[in-house]
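Undergrad: Structure in structure tokens, see below.
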Amino acid sequence: MKMIMQNDEFIQLCEKCFADNGLEAFCEPKTLDLLYKMTENMLSVNAVTNLTAITEPREIVLKHLADSLSAARYIPEGASVLDVGCGGGFPTLPLAIARPDLTVTGLDSTAKKTRYVAESAALLGLDNLKTLTGRAEELAHEPQYRESFDVCIARAVASLPILTELCLPFVKKGGKMVAMKAKLDESEQTRAPQMLGATAFERHEFELIGEQQSETRLILIAEKQKPTAAAYPRAYAQIKKKPL
Ligand code: SAH
């Protein structure tokens, strides 16, 4: 399946949407060209493998690209970033494209998804993107990954208490967890960050501004102050049964 929109129309959509959302720093021609190629490839793969329900270019630009890039301002220059539950590559792919200073690792338990992300990186020539296949709660106990990333980010993976237990063990002391959410339920109130060696979440609420409508988004940030106790993360059944 070919993209319904031409390169120049897509570029114009990105320029307008990124400007509306304070993301004009990511409007360089090379960045927009790679975002176009990424989207074109995603749509052709999506025709045979389910990666995303969002297939309309305008919506992809807003809900996948601008939304992913809205977290970039919280990621320090040169950071190593782990994206837990990267799925079809969000925010992994837009971050690796728009922030060549970062090293981004996309982690997912589904091999089909990490394979797609790795193939996209090869196609786009992104040498700052790696992938990791497995369950976060298991990989976080492996010495080579534990407390070894400057930033652990996740979008739309699990409720906040669960997500925190999956992410914080990967974060170095002095690093941070960045959780991207569309909304936060009352039940997601949690002391999980403090229990796992980090500060309480700092809450950043903003509007993702689209041409037709705007949507509220939340970015929650916890800073890691000391190591996470070796018992965490627990087995998934435990995490789910008794969230922190
Ligand atoms: N971040 C992407 C995908 C969200 S869907 C986006 O915003 O579009 C959630 C993804 O998390 C799925 O691909 C699922 O396979 C993965 N996932 C859920 N729990 C996981 C775990 N414990 N370890 C690794 N991956 C997990």
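Computed from the coordinates by the stated procedures, all read-outs in this text should not be read as laboratory data. These figures come from a predicted structure and were not determined experimentally. Note: ideal-geometry Cβ built from the backbone for every residue, glycine included; neighbour counts use all protein chains shown.
Undergrad: Kirkwood Rh over Cα pairs of the chain into Stokes-Einstein at 37 °C, 0.692 mPa s: D in µm²/s?
TA: Diffusion coefficient, whole number: 181 µm²/s.
Undergrad: Now, a different point. Which residue, Ala200, Ala179, Ala231, has the most motion in a Gaussian network model of the chain that connects Cα atoms within less than 10 Å?
TA: Per the Cα network of the chain with a 10 Å cutoff, Ala231 tops the list.
Undergrad: Spit out the partnerless Cys residues in the chain, using Cβ distances under 4.7 Å as the pairing rule.
TA: Lone cysteines by the Cβ rule: Cys14, Cys17, Cys27, Cys86.
Undergrad: Under 10 Å, Cα contacts only: if you run a Gaussian network model on the chain, which one of Ala71, Ala122, Ala79 comes out with the highest mean-square fluctuation?
TA: With Cα springs under 10 Å in the chain, the top fluctuation among Ala71, Ala122, Ala79 is at Ala122.
Undergrad: With the Cα gyration tensor of segment 53-187 giving a ≥ b ≥ c as the square roots of its eigenvalues, does the rule (a/c under 1.5 for rounded; else a/b larger than b/c for prolate; else oblate) give rounded, prolate or oblate?
TA: It comes out rounded by the Cα gyration axes.
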